[in-house]
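Please read the structure below before turning to the comments.
The numbers here are math on the coordinates, done by the rules we state, and not lab data. All values reported here derive from a predicted model rather than from experimental measurement. Note that each Cβ is placed from the backbone with ideal geometry, even for glycine, and that neighbours are counted across all protein chains shown.
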């Protein structure tokens, strides 16, 4: 979904950045390198939104075999959790910062109350995979009663795997694409994915006061993956 008139995408040119901008780009290269090379062109994904030279695309994983291949045998689907691979492509001359804490999965079935679901941490996902809870879709918005037991080596290994695949808390450099997974607890009710959308409200350019409009990525075109 594309809103409004798009500025022509531009890649960074030599001497075009302030010191602050250059440092931000170096930060991305140092800390977000494993996630900066996309497996696919995000512009080809069905679920996407773009404006102001930024594109955000989503790839919700609902097929068990596909999730196992990407995440591993102990994947979130078995615990009723939807893994969503998110791509952020920055075609501007400025670094873009994203507030991950504000991102929500919104679900709005016809004639039903709208829900906003926060992403789970890698630790919470690991706990739910290893210690499954009763699946109750009607309680998706309530706090999850995670077990209070200690963490063993199996939990730590799974946590580290999930964390390595998660979307990085980093700046997106000019001309770069960053990708990673968000994990949302649907209590096993994947039928609502067709009514879901990823809401990304808080982005900003570094070194520029221009506001960035929110992104609203509807999953309906990609709900069969």
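Go through 61-73, 173-185, 194-206 and give me the packing order, highest mean Cβ count within 10 Å leading.
173-185, 194-206, 61-73
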Full-extension gain in nm, residue 211 to residue 102, via 0.36 nm per residue minus C-alpha separation:
37.6 nm
How much length would be gained if the chain were fully extended between residue 152 and residue 199, taking 0.36 nm per residue of separation minus their Cα-Cα distance, in nm to one decimal?
13.5 nm
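Over the Cα atoms of the stretch 62-142, compute the convex hull volume and normalise it per residue, giving Å³.
Numbers: hull volume 12.4 nm³, N = 81.
Per residue, the Cα convex hull of the stretch 62-142 comes to 153 Å³.
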